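Engineer: My structure is below; once you've seen it, I'll send some questions.
The values are calculated or read from the model by the stated rules, or taken from the named source; none is laboratory data. As the structure is a computational prediction, the values presented were derived from the model and not from experiment. No Cβ is skipped: glycine too gets one built from the backbone with ideal geometry, and neighbour counts run over all protein chains shown. Heavy atoms of the whole protein, side chains included, go into the accessibility calculation; ligands, DNA and RNA do not. Shrake-Rupley method; radii C 1.70, N 1.55, O 1.52, S 1.80 Å.
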Amino acid sequence: MTHTPRLPFIAGLPLAVAAGLLMPVQGRINGALGAALADGIAAAVVSFTTGLAVMVAVSLALPKGRAGLARILPAVRERRFPRYYLLAGCIGGFFVFTQSFTVGLLGVALFTVATVTGQTLSGLFVDRMGIGPGGKRSITGIRVLGSVLTVAAVAWAVSPRFSGAGPGPGELLVPVLLPVLAGFLMSFQQAMNGTAAVHYGTPIAATLMNFITGALLLWAGWLVKVAVAGPGNPLPGEWWYYLGGPMGCVFIGVGALLVRSLGVLVTGLGMIAGQLLGSLGLDLAFPAPGTVVALPTVLGTLLTLAAIVLASLPWPKGALKR
């Protein structure tokens, strides 16, 4: 087995937050692309395809990338990890599909709370089961408290975006469950990617495999959509529409690198903090029409950071252990 390096907590957590900063920027770009194409699935296809092109180029250009490519087939043939780990990219494809399917009905705020809830819950259990390369990590009272506070803080931060108008609770049940499931699966995706990265010797190869399987899933979904409803608008000419995929390469690769050092829960919480900080920065620097930065958004973001520190710090062994 070829081991990827472990990073100390003081370097790993800021890196997770930094990667999370790109997520709202990617969301803004993909949302604009979906509007330009009049097709959310097509926007996801473009994002994954451009990301795949970047990862192919990186894998071929860098010595570590070429070495990782050479280790993929031997690792799969020798069953160094379960073969279904190769399908981790399908989780990313499912997340993007869920986003395009439900955000218009739920709104960004409810979608964010639903995905963060699912991801935080599964992060605890994935660490407890030891699916990721970091091994088993106990469910302690401190980690549970930090996770609950994170979900509450995210709900507070996005609360100014909630609207009282819209469908009733019964009509929202299925649309809400989809992003909860997508968020729940994200922790498994990070654990699977991290394990694969250890055996490939680099997160580059694990990220490449993510984009291959995710792109295949989305292309299949888009072709079905075209057969049923026809294509959307032609591709736009502006270059910035195509940055979403390369940004996805960064946070998928960073996640695969960090889960061995931080565990799945803390890696996910760090990215959630970065996501909120990035959203706040976007709303301040490049506000969308009608955007108002309210006090709950700022305070909720700060509370999220405090909750993540609470869940992440190396508390004494046995403290509130379950």
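Engineer: What pairs come up if the first residue lies in region 26-52 and is of a type in the set (Phe, Trp, Tyr), the second is open to solvent by 20 Å² or more (accessible area, probe 1.4 Å) and part of a helix (DSSP H, G or I), and their beta carbons are under 8 Å apart, counting only those six or more places apart or on different chains?
Structural biologist: Cβ pairs passing all conditions: Phe48/Val96.
Engineer: I'd like the full set of residues that are more than 17 Å from Gly255 (Cβ to Cβ) and within 22 Å of the chain's Cα centre (by Cα), limited to region 66-91.
Structural biologist: From region 66-91, those more than 17 Å from Gly255 (Cβ to Cβ) are 66-67, 69-80, 82-84; that's our starting set.
Pro82, Arg83, Tyr84, listed by residue number.
Engineer: Quick one: how many residues across region 97-130 are open to solvent by 30 Å² or more (accessible area, probe 1.4 Å) and modelled with pLDDT of 80 or more? Step through it out loud before you land on a result.
Structural biologist: Initially, region 97-130 is screened for residues open to solvent by 30 Å² or more (accessible area, probe 1.4 Å), giving 97, 99-101, 103-105, 108, 110, 117, 121, 125, 128-129.
Okay, now just the ones that are also modelled with pLDDT of 80 or more, so 117, 121, 125, 128-129.
So the answer is 5.
Here's the yes/no breakdown for (1) open to solvent by 20 Å² or more (accessible area, probe 1.4 Å); (2) touching a Pro at 6+ places or on another chain (Cβ under 9 Å); (3) at pLDDT 90 or above:
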| position | (1), (2), (3) |
| --- | --- |
| Trp219 | yes, no, yes |
| Leu223 | yes, no, yes |
| Val228 | yes, no, yes |
| Gly232 | yes, no, no |
| Gly237 | yes, no, yes |
| Tyr241 | yes, no, yes |
| Pro246 | yes, no, yes |
| Phe251 | yes, no, no |
| Leu257 | yes, yes, no |
